[in-house]
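Novice: Have a look at this one.
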Amino acid sequence: WSHVFKGGYHSPFIRQMSMIKTRNQNFLSEISNRIDEMKPVYDSINALQDTSWRINRPVFQVLETFYNQNNPIGKIPPKESLELPAKPTSITDKKEFAEWVKNNKQTWTAWKHRASKVHEFNAKIESKRIQIRKIIKLAKTFEKEPEIYFPHQLDFRGRAYPVPMFLNPQGVEHARALLEFSKGERMGNNPESARWLAIHGANQYGEDKCSLEDRVDWVNKNEQFILESAANPLNSDFWKSADKPFCFLAFCFEWKGYKENGANHETHIPVAVDGTCNGLQVFSLLLRDEVGGAATNLIPSDKPQDIYGIVADRTIEALQNEDSDDYYHPKYEVSKKLLAQQWLRLGINRKLTKRPVMVVPYSGTLHACREYIEKYVVDEVKEHEWGDELFFPTMYLARIVWAQINRTVIKAREAMDWLQKVSRLASMEDLPLNWSTPSGFIVLQQYREVRTRRIETKLGEGIVKLAVATEEGTRLSRRRQRSGCSPNYIHSLDSSMLSLVTCKMKSQGVNHFAMIHDSYGVHATNVDQLSKSLRRVCVDMFEEDLLAKFRDEIHAMLSPRNQKKIPPLPEKGSLDLDKVLESDYFFA
């Protein structure tokens with residue numbers, strides 16, 4: 001990209017796209033005059049586009065074989081849909097059937113609920129089947145290409161995304177596993193390269209809650225199984241149990257090559273380091289929050305802190321202390337104490353609390369928390385005591401989980417509330433939110449009211465009624481502006497950090513990047529350099545009072561009357577930013 005309207009595909013057969021995905025032509029025209037101010041943005045997106053990839057053939061052969069054999073490994077969907085549960089009656093006469101339903105309403109409702117769940121599951125599976133078939137077709141098409149490149153675009157927050165769908169470096173796990181850097185780098189005699197490759201392998205398997213040394217030890221202890229997985233992946237079960245099985249299998253092939261060739265081995269797979277609940281990390285950095293900072297690994301520790309585990313432990317403690325014999329709800333004749341005991345028997349763990357915690361910085365709500373808990377029960381729990389009636393038990397637990405989250409991330413909640421209040425002042429004047437980021441990117445948030453109309457259409461064998469957006473209104477949507485402010489501000493800062501880290505690494509001679517928002521990937525030989533660079537960039541970036549800068553930029557937009565209504569900035573804590581430089585688990 002040399003200009004907002006000059007870049008992307010080099011082809012007359014593809015319509016020219018803009019660097020930023022937006023329909024606001026006035027905004028694009030304004031941005032196009034700021035090329036010099038946005039140099040890190042241009043340099044970083046071009047570095048991502050300059051990264052050359054190729055298909056990882058051994059992983060592709062295994063993936064294609066298992067899919068063709070209808071052997072669902074990881075998130076590969078089964079080829080066959082689930083059968084609907086048998087109807088509780090075979091009556092075909094309409095009048096008799098209506099009478100039967102009237103007399104057996106509870107039975108019929110329970111069947112409809114079960115059938116609805118099967119229909120929902122089958123619909124999701126069908127979309128995943130389409131996805132994996134496209135991924136396999138694309139991989140086969142490009143299998144013999146020595147180099148593949150992915151044009152990128154930015155969204156209005158500055159986040160970079162590959163333009164091609166399905167098979168790309170930010171795709172689903174098995175799609176990412178099919179891609180490796182086309183140019184390898186010699187491992188050499190630097191022990192850090194092998195160490196980071198081993199840490200990456202442990203991370204992909206799911207051994208990422210222990211110390212970095214323990215992760216390396218885990219690889220050494222399981223080396224026989226790792227090498228067997230690479231030598232005979234179709235018959236080995238070890239790699240299939242990994243959290244990210246195909247990415248772990250790619251590591252197994254890489255580790256086998258390293259063990260056979262030693263320092264002369266050329267490594268190709270991206271080795272990534274990930275932030276800890278990055279949204280909460282950003283809030284903790286903004287407000288120097290020592291409590292949130294400790295929970296999200298901004299402070300050095302002997303082993304990684306697990307904010308999801310912290311919330312899970314506090315939830316267990318709250319359930320153990322529940323002693324109320326009152327009904328949770330008049331319609332649900334179960335006491336709170338009994339509900340707590342039922343949840344303790346089922347088991348509370350970090351996997352249950354992970355999604356509710358993750359969405360907090362992105363305007364997560366109590367009801368979203370409940371939905372994630374219900375999804376956990378449906379997907380992960382084989383037996384429980386509630387049958388199909390999950391709303392009341394999950395809402396009970398959601399209130400407790402939500403309270404424990406607020407206990408853990410107090411400062412983040414203060415910052416989110418402050419951002420929403422400022423957004424409301426701008427919306428009162430029908431003004432979009434406009435702010436700049438440390439990389440020089442200009443964010444324009446303007447969610448407008450959407451007009452909708454209802455249509456009926458046939459889907460499969462049934463008729464569905466959909467609400468379709470026809471056009472955007474002229475006025476800003478106050479609700480959407482308010483709820484979007486916090487997540488978009490956080491995303492704009494994580495995208496800015498990614499841009500600055502990419503530029504710093506590029507200036508140091510690194511040319512291959514696998515960057516996914518809060519996950520930074522390079523060759524194993526460059527991870528040690530990446531770790532130092534990203535910590536330095538983070539400290540330098542957050543030394544500036546970014547919330548005060550945001551306030552000043554919004555202040556300049558408002559009328560004098562509303563300028564006076566901007567609330568004071570949340571108070572800062574005592575977190576020492578320089579501690580990030582010493583924290584092994586900030587990104588790991």
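Novice: What pairs in LYS87/LYS244; LYS128/LYS465; LYS112/LYS331; LYS303/LYS354 have C-alpha atoms more than 29 Å from each other?
Specialist: Details: LYS87/LYS244 38 Å; LYS128/LYS465 23 Å; LYS112/LYS331 21 Å; LYS303/LYS354 19 Å.
As for pairs spanning more than 29 Å Cα to Cα, those are LYS87/LYS244.
Novice: What is the chain's relative contact order, in percent, from Cα pairs under 8 angstrom and six or more apart in sequence?
Specialist: About 19 percent, as a whole number.
Novice: Using the crude model of +1 on Lys and Arg Cβ and -1 on Asp and Glu Cβ, and no other charge, please compute the dipole size for the chain relative to its Cα centre, in debye to 20.
Specialist: Values: 82 positive and 76 negative charges, 461 e Å.
Roughly 2220 debye for the chain.
Novice: Further, regarding this structure: Per residue of the chain, what 222 nm ellipticity follows from adding -39500 (n - 2.57) for every DSSP H run with n ≥ 4, rounded to the nearest 500?
Specialist: Details: 22 runs with 296 residues, N = 588.
Value at 222 nm, helices only: -16000 deg cm²/dmol.
Novice: Using Cα centres only, tell me the gap between segment 129-147 and segment 475-502 in whole Å.
Specialist: Segment 129-147 and segment 475-502 have Cα centres spaced 33 Å from each other.
Novice: Can you tell me which lysines have their Cα less than 20 Å from the Cα of LYS565? Leave out same-chain residues fewer than eight positions away.
Specialist: LYS421, LYS549
Novice: Further, regarding this structure: Taking the dipole about the Cα centre of the chain, with the C-beta of Lys and Arg at +1 and of Asp and Glu at -1, give me whichever of SER533, SER301, ASN68 is farthest to the positive side.
Specialist: With unit charges placed on the Cβ atoms, the residue in question is ASN68.
Novice: Just the number please: accessible area per residue for segment 1-115, 1.4 Å probe, all protein chains included, in Å². The partial results should precede the final answer.
Specialist: On the way: 7450 Å² over 115 residues.
Value for segment 1-115: 65 Å² per residue.
Novice: Quote the accessible area belonging to PHE166 in square angstrom, nearest 10, computed with a 1.4 Å probe and with ligands, DNA and RNA left uncounted.
Specialist: About 70 Å², ignoring ligands and nucleic acids.
Novice: A further question on this structure: Quick one: accessible area per residue over segment 415-456, 1.4 Å probe, rounded to a whole number of Å²? All intermediate terms of the calculation are to be shown ahead of the outcome.
Specialist: Working: 1900 Å² over 42 residues.
Accessible area per residue, segment 415-456: 45 Å².
Novice: Which sequence of HIS10, HIS174 reflects their accessible areas, 1.4 Å probe, from the largest down? Display every interim value, and only then the final one.
Specialist: Working: HIS10 185, HIS174 5 Å².
Correct descending sequence by accessible area is HIS10, HIS174.
Novice: Here's another thing I want to ask about it. Give the label of the value calculated from the structure for Kirkwood radius over Cα pairs in Å, choosing from (i) 29.9; (ii) 24.6; (iii) 26.7.
Specialist: (iii)
Novice: Keeping all protein chains in the complex and leaving out DNA, RNA and ligands, what accessible area do you get for LYS259 with a 1.4 Å probe, in Å² to the nearest 10?
Specialist: The accessible area of LYS259 comes to roughly 100 Å².
Novice: I've got another one for you. Let me know the charge dipole size of segment 473-588 about its Cα centre in debye, to the nearest 20, where only the beta-carbon of Lys, Arg (+1) and Asp, Glu (-1) is charged. Before the final figure, lay out each step's value.
Specialist: Numbers: 17 positive and 14 negative charges, 199 e Å.
Charge dipole of segment 473-588: 960 debye, to the nearest 20.
Novice: On the protein heavy atoms, probe 1.4 angstrom, tell me the percent of accessible surface of the chain carried by carbon and sulfur. It would help to have the intermediate numbers written out before the result.
Specialist: Working: 13860 of 28950 Å².
Whole-percent figure for carbon plus sulfur exposure: 48.
Novice: Here is a further query. For segment 353-488, build the charge dipole from Cβ charges (+1 Lys, Arg; -1 Asp, Glu) around the Cα centre, then report which of LEU466, MET395, SER439 sits farthest towards its positive end.
Specialist: Selected residue: SER439.
Novice: Please give the charge dipole size of segment 246-382, origin at the Cα centre, charges +1 on K and R Cβ atoms and -1 on D and E Cβ atoms. Round to the nearest 20 debye.
Specialist: I would put it at about 220 debye.
Novice: Provide the packing ranking of 240-246, 327-333, 339-345, i.e. peptides ordered by the mean count of other C-beta atoms within 10 Å per residue, highest first. Intermediate values should be presented prior to the final figure.
Specialist: On the way: 240-246: 20.1, 327-333: 12.4, 339-345: 17.6.
Result, highest mean first: 240-246, 339-345, 327-333.
Novice: Could you tell me which of THR315, ILE269, LEU280 has its Cα farthest along the dipole of segment 258-324 towards the positive end, charges placed at Cβ (Lys, Arg +1; Asp, Glu -1), taken about the Cα centre?
Specialist: Farthest towards the positive pole: ILE269.
Novice: Right, here's the next one. Skip the ligands, DNA and RNA, and give the accessible area per residue of segment 509-588 with a 1.4 Å probe, whole Å². Please list the in-between numbers first.
Specialist: Values: 3400 Å² over 80 residues.
Roughly 43 Å² per residue, with all protein chains present.
Novice: If you don't mind, there's one more thing I want to ask. Would you calculate the volume per residue, in Å³, of the smallest convex hull containing every Cα atom of segment 235-290?
Specialist: Details: hull volume 8.1 nm³, N = 56.
Measuring per residue, one finds 145 Å³ for the Cα hull of segment 235-290.
Novice: Taking Cα pairs under 8 Å and at least six residues apart, what relative contact order does segment 416-543 come out at, in percent? If you can, show how the numbers build up before the last one.
Specialist: Working: 145 pairs, mean separation 27.8, N = 128.
Relative contact order for segment 416-543 comes out at 22 percent.
Novice: Accessible surface of ASP545 in the full protein assembly, 1.4 angstrom probe, to the nearest 10 Å²?
Specialist: 60
Novice: What whole-number distance in Å separates the alpha-carbon centres of segment 41-81 and segment 328-372?
Specialist: Cα centres, segment 41-81 to segment 328-372: 34 Å.
Novice: By the gyration tensor of its Cα atoms, with a ≥ b ≥ c the square roots of the eigenvalues, what is the shape of segment 387-476: rounded for a/c under 1.5, prolate for a/b over b/c, or oblate? Don't skip to the answer; put the middle values down first.
Specialist: Details: a/c = 2.64, a/b = 1.10, b/c = 2.40.
Verdict is oblate for segment 387-476.
Novice: When only Cα pairs under 8 Å and 6 or more residues apart are kept, what is the percent relative contact order across segment 186-277?
Specialist: Values: 106 pairs, mean separation 33.6, N = 92.
For segment 186-277, the relative contact order is 36 percent.
The values are calculated or read from the model by the stated rules, or taken from the named source; none is laboratory data. Predicted, not measured: the structure shown is a model, and the values here were computed from it. Ideal geometry is used to build each Cβ from the backbone, glycine not excepted, and the neighbour counts take in all protein chains shown. With ligands, DNA and RNA removed, areas are computed over all heavy atoms of the protein, side chains included. Shrake-Rupley method; radii C 1.70, N 1.55, O 1.52, S 1.80 Å.
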